[in-house]
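J.: Sharing a structure below in C-alpha cells format, with a few things to ask.
The values are calculated or read from the model by the stated rules, or taken from the named source; none is laboratory data. Just so it is clear, the model here is predicted, and its values are computed rather than measured. Here the Cβ is made from the backbone with ideal geometry for all residues, glycine too, and neighbour counts use every protein chain on show.
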Amino acid sequence: MNIAIFASGAGSNARRIIEYFKDAETVKIALIVCNKPGAGVLDIAREHNIPALLIEKEQFFRGNAYVDELRSHHIDFIVLAGFLWKVPSALIKAFQEKIINIHPALLPKYGGKGMYGQFVHEAVIGAKDAESGITIHFVDEQYDHGSTIFQATCPVLPDDTAASLAQRIHELEHKHYPAVIEKLLLS
Ligand code: GRF
C-alpha cells in the first residue's frame, strides 16, 4: 500500500507518520506532495529519501490535479497533514474514500475556509470552550466536511494562548494520526 502525504508546512505530522511506518511491511510512504517551495516537510522528505513533488496551483486546480503523477508513483491512499489547499474534485473522484485529513479542532465546529493554523485555536479560546481536540475525516468536495473517522479531545486551560493550545493539539495529532491511518488501512 503506497501512501502520499500532502503537506504545506513544517511537517511534524508527516515526520511522525514517516517514522511510524519506517519498517512496515505493507505500508510505504512513497511520496510527499507539497505546494510551498522551502517548506520544512521537503527537508523531512530528503532526510528520509522519499521523493517529493512540488505542485503548482494552476495545474492542481485546472488540470488533472496531478492524478497521472500520483498513479505513476502507484499511490493507493492520500493523507493530508497540514495541506492548505482545497482538494479538487478530479483528485477526489480518482481516489474515492481514499483521502483523509486531520483538522485541529472538533468538527463540525471550527471547520471551513480560513479555519486553519492559529485561527482555529484563537476562535476556540475566544468562544471560551472548555475543550478542543482533533478530527480525522474523509475528504470530500467541501472544506472539513467528509465523514469523521476519529476524534480525540483535550482541555482548553484558562491561561491558554493560541500557541499553547496549538502545542497540546499537535501532541494529540502526533499520538493518534499514524495509528488511525494504520487501522484504516488494515481494516
Ligand atoms: C496540524 O495542526 C493540522 O491539524 C493542520 O495543520 C497542522 C500541520 O502541522 N491541518 P504540521 O505541519 O504537521 O506540523
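So that you can scan it fast, the table gives a plain yes or no per residue for (1) touching a helix residue (DSSP H, G or I) at 6+ places or on another chain (Cβ under 6 Å); (2) at pLDDT below 95; (3) among the small types (Gly, Ala, Ser):
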site	(1), (2), (3)
ALA10	yes, yes, yes
ASN13	yes, no, no
LYS28	no, no, no
ASN49	no, no, no
ALA105	yes, no, yes
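J.: Mind counting the residues in region 119-131 that are out of contact with any Phe, Trp or Tyr (no Cβ under 8 Å at 6 or more places or on another chain) and either within 25 Å of ALA179 (Cβ to Cβ) or within 10 Å of the ligand (Cβ to nearest atom) (or both)?
T.: Residues meeting the conditions: 2.
J.: Under 7 Å by Cβ, and 6 or more places apart or on different chains, what pairs join a residue from region 150-174 that is in the same structural domain as LYS109 (by TED's automatic domain parsing) with one that is of a type outside the set (Gly, Ala, Ser) and modelled with pLDDT under 95?
T.: Cβ pairs passing all conditions: ALA162/GLN118; ALA166/GLN118.
J.: Still on this model: Residue check, ASP160 against (1) buried (at least 17 other Cβ atoms within 10 Å of the Cβ); (2) within 14 Å of the ligand (Cβ to nearest atom); (3) at pLDDT 95 or above, all met but one. Which one?
T.: Condition not satisfied by ASP160: (2).
J.: How about region 16-32: which of its residues are buried (at least 21 other Cβ atoms within 10 Å of the Cβ) and free of Cβ contacts under 8 Å to residues at least 40 places away in the same chain?
T.: ILE18, ILE29, ILE32, listed by residue number.
J.: Pairs, please: C-beta under 8 Å, at least 6 apart or cross-chain, first residue surrounded by fewer than 17 Cβ atoms within 10 Å (Cβ to Cβ) and in region 121-132, second assigned to a helix (DSSP H, G or I)?
T.: Matching pairs, first to second residue: GLU122/ALA162.
J.: For LEU186, all conditions in the list (1) at pLDDT below 95; (2) surrounded by 13 or more Cβ atoms within 10 Å (Cβ to Cβ); (3) among the hydrophobic types (A, V, I, L, M, F, W, C) hold save one; what is the number of the exception?
T.: (2)
J.: Considering region 9-55 alone, what residues qualify as being assigned to a helix (DSSP H, G or I), within 14 Å of LEU80 (Cβ to Cβ) and among the hydrophobic types (A, V, I, L, M, F, W, C)?
T.: Residues satisfying the conditions are ALA14, ILE17, VAL41.
J.: Mind checking which residues of region 54-82 are in contact (Cβ under 8 Å) with a residue 40 or more places away in the chain, in contact with a helix residue (DSSP H, G or I) (Cβ under 8 Å, 6 or more places away or on another chain) and either more than 15 Å from the ligand (Cβ to nearest atom) or among the aliphatic types (A, V, I, L, M) (or both)?
T.: Of everything in region 54-82, those that are in contact (Cβ under 8 Å) with a residue 40 or more places away in the chain, in contact with a helix residue (DSSP H, G or I) (Cβ under 8 Å, 6 or more places away or on another chain) and either more than 15 Å from the ligand (Cβ to nearest atom) or among the aliphatic types (A, V, I, L, M) (or both) turn out to be LEU70, PHE77, ILE78, VAL79, ALA81.
J.: For region 56-72, give me each residue that is part of a loop (DSSP other than H, G, I, E, B) and of a type outside the set (A, V, I, L, M).
T.: Those that are part of a loop (DSSP other than H, G, I, E, B) and of a type outside the set (A, V, I, L, M): GLU56, GLY63, ASN64, TYR66.
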